[in-house]
Amino acid sequence: MSRIGKLPVNLPAGVTAELLDGNVVKVKGPLGEMCQKVDSDIEVTIEGTEIKFTRPTDQPRHRSMHGLYRALVNNMVVGVSKGFQTEQEFVGVGYRVEVAGKLVTFSVGYSHSIQLMLPAEVTAETPQVKKGENPKLVLKSCDKQLLGQVAAKVRSFRKPEPYKGKGIKFVGEQLRRKAGKSASAK
């Protein structure tokens with residue numbers, strides 16, 4: 001039995017779930033609503049404030065989908081109740097980020113600025129930083145998958161380099177640093 005798949009998904013107060021035709025789970029909460037189609041082999045039952053998943057056999061395909069769909073629905077429940085957020089830090093001289101509605105403008109060491117239009121479900125903000133600190137970008141959404149994709153796209157504009165650590169990195173991320181060239185003794 002899957003350790004993750006056998007755990008029920010608990011619905012917090014203010015969150016409702018319903019099972020639609022075609023094995024689609026719909027979750028509504030204070031931050032929005034989301035739907036997830038579950039494979040027809042996995043049986044979904046909603047009992048009070050719990051969503052349970054059961055698989056028909058112990059085939060590897062059923063075992064892998066059992067935990068997967070439970071985790072996806074759990075992420076939906078957490079997303080519509082609390083939401084998800086990522087923080088990214090811009091390390092480098094002159095690196096800046098500006099948010100104007102859904103349009104985010106990055107200045108990350110190129111001869112031109114980069115503009116990114118955010119999806120409707122993702123919001124961005126730039127918290128005020130003290131002098132000497134690096135600029136930060138905070139992305140928030142109820143959809144964990146979409147938030148991860150947008151954060152990865154932002155990071156791809158200037159990945160952190162291993163020598164000086166310049167680039168766009170997640171707050172708290174440990175970078176693997178390399179020693180630079182050293183003068184050889186003759």
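Some points to look at:
- Tilt relative to the chain, helix 144-156 - C-alpha long axis, 0 to 90 degrees, to 10: 20 degrees
- Taking Lys and Arg as +1 and Asp and Glu as -1, the other residues whose beta-carbon sits under 14 Å from that of Val99 total +1.
- Taken one residue at a time, the phi angles of segment 5-13 give Karplus couplings (6.51, -1.76, 1.60, θ = phi - 60°) of x, 7, 6, x, 8, 8, 8, x, 4 Hz. Gly and Pro are set to x.
- Heavy-atom accessible area per residue - segment 62-186, 1.4 Å, Å²: 62 Å²
- Semi-axes of the equivalent ellipsoid for the chain, Cα gyration tensor, largest first, Å: 41, 22, 13
- Backbone HN-Hα couplings from phi across segment 120-129 [Karplus 6.51/-1.76/1.60, Hz, Gly and Pro as x]: 4, 7, 10, 10, 10, 8, 10, x, 5, 10
- For the peptides 80-93, 150-163, residues were scored by their other Cβ atoms within 10 Å and the scores averaged per peptide; the highest-first order is 80-93, 150-163.
- Put the Cα centre of segment 18-33 next to the Cα centre of segment 122-178 and the gap is 31 Å.
- Calculated on the Cα set of segment 50-139, radius of gyration then Dmax: 19.9, 59 Å.
- Between the helical axis of 60-81 and the longest alpha-carbon principal axis of the chain there is an angle of about 70 degrees.
- Percent carbon-and-sulfur accessible area, the chain, ignoring ligands, DNA and RNA, probe 1.4 Å: 50 percent
- With θ taken as phi - 60° and the Karplus curve 6.51 cos²θ - 1.76 cosθ + 1.60 applied, the whole-hertz 3J(HN,Hα) list for segment 171-176 is 5, x, 6, 8, 8, 7 Hz, x standing for glycine and proline.
- Rolling a 1.4 Å probe over the protein chains gives Leu175 an accessible area of about 50 Å².
- Radius ratio Rg over Rh of segment 1-104, counting only Cα atoms, Kirkwood formula for Rh: 1.14
- Cut-off under 5 Å, modelled amide H: who pairs with Val24 long-range: Val38
The values are calculated or read from the model by the stated rules, or taken from the named source; none is laboratory data. Not measured: the values here are computed from a predicted model. In this analysis, Cβ positions are derived from the backbone assuming ideal geometry, glycine residues included, and neighbour counts consider all displayed protein chains. Heavy atoms of the whole protein, side chains included, go into the accessibility calculation; ligands, DNA and RNA do not. Shrake-Rupley method; radii C 1.70, N 1.55, O 1.52, S 1.80 Å.
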